[in-house]
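What follows is one structure encoded as structure tokens, with my remarks underneath.
The values are calculated or read from the model by the stated rules, or taken from the named source; none is laboratory data. What you see is a predicted model; the values in this text were computed from it and never measured. Note: ideal-geometry Cβ built from the backbone for every residue, glycine included; neighbour counts use all protein chains shown.
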Amino acid sequence: MSDHISRIGQLLKQARSAEGSNREDAVKKLCAICENMPSLRKRIASSIGMAVIDLAVPSIRKLTLDPNALVRAAACKSLGWLIAEGEAETLFTSLNDPAAEVREAAMGALIIIGGLQVIAKFSADLYHEDPERQLLSVKALGMIGEKDVVEPLRKALHHPEPIVRESAVHSLARIDSENMLDDFTAALHDDDRDVRKAAVTALVKVLGEKALPHVRSLLDDPDEIVRCHTIQAVAELGCSEYKNMIQPYLDDTNEIVRMSAAKALELMDEGDTSVPHYPKTNSKTTM
């Protein structure tokens, strides 16, 4: 085995530094090793990609169908390292792979590649029949972060799945927050509590103290978790004058809200508002 690894190192060096037919010959030999030695495929697929050898793309594409999931994942990562724009469809196919590590690698590669073709496909997949694919797509758009993802993410604020709407709020807050104030304000009235929480976070992040008129009404939200979250957001603004706003919630009908208000006031007195002020609760089930 050590002899083969040494040989791979020599071929990689040749593939990086050689030109013309010598470079191509080195890549072909590496790919032949991939064909004949399954145990080394993962290492070679990753190494070829990191070496940025464009000649290797056809062989790496073939490895995305390898029986070994780790090899398939390594091949997907390699296509991302190569910024192989022409392999976007190959990677989208790998998003259907039964192995989670392959799906994750394919998504990571597509995020690296980016561009209009990838953005258009992820935008279409916001309405894929698989709910997990919907969530993956909205997160991917947010991570791509290019200006062309803004409009698809704005549309996702009206998606039928609450978890997609929530993720869209978080993504837009990172990408183009200053132009999304009307969208965030509308999300404060969403039917889902996690979307409302995300909107509170986004507005406070963007506006600071100026967010108070927008988010203040959620101190009286019907859902106790939203009330806790809004108490935290108001406390994190760090102004002692807002203590009077939180004080009444010491008498809230819900115990965790009372606890959150007490903790928020305590931390405001100490000048430390960076720690969450509400007890941890079980999140809603994600896709």
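Figures for the structure shown
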{"read-out": "Residue in the stretch 214-235 that is at pLDDT below 90, under 27 Å from the mean Cα position of the chain (by Cα) and closer than 25 Å to ALA168 by Cβ present", "value": "no"}
{"read-out": "Within the stretch 98-141, tally of residues that are surrounded by fewer than 18 Cβ atoms within 10 Å (Cβ to Cβ), free of Cβ contacts under 8 Å to residues at least 60 places away in the same chain and among the acidic types (Asp, Glu)", "value": "4"}
{"read-out": "Condition check for ARG258: among the basic types (Lys, Arg), closer than 17 Å to ARG196 by Cβ and within 34 Å of the chain's Cα centre (by Cα)", "value": "no"}
{"read-out": "Test: PRO98 is modelled with pLDDT of 90 or more and assigned to a loop (DSSP other than H, G, I, E, B)", "value": "yes"}
{"read-out": "Count of the stretch 107-140 residues which are of a type outside the set (Val, Ile, Thr), under 13 Å from the mean Cα position of the chain (by Cα) and under 15 Å from LEU91 (Cβ atoms)", "value": "9"}
{"read-out": "Filter result for the condition that a residue is among the hydrophobic types (A, V, I, L, M, F, W, C), touching a residue at least 24 places away in the same chain (Cβ under 8 Å) and surrounded by fewer than 23 Cβ atoms within 10 Å (Cβ to Cβ), over LEU172, LEU188", "value": "LEU188"}
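Results for (1) within 29 Å of the chain's Cα centre (by Cα); (2) part of a helix (DSSP H, G or I); (3) closer than 16 Å to ARG7 by Cα; (4) modelled with pLDDT of 80 or more, shown as yes or no for each residue.
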site: ASN22; (1), (2), (3), (4): no, yes, yes, no
site: LYS28; (1), (2), (3), (4): no, yes, yes, no
site: GLU35; (1), (2), (3), (4): no, yes, yes, no
site: SER39; (1), (2), (3), (4): no, yes, yes, no
site: SER47; (1), (2), (3), (4): yes, yes, yes, no
site: PRO58; (1), (2), (3), (4): yes, yes, no, no
site: PRO67; (1), (2), (3), (4): yes, no, no, yes
site: GLY86; (1), (2), (3), (4): yes, yes, no, yes
site: THR90; (1), (2), (3), (4): yes, yes, no, yes
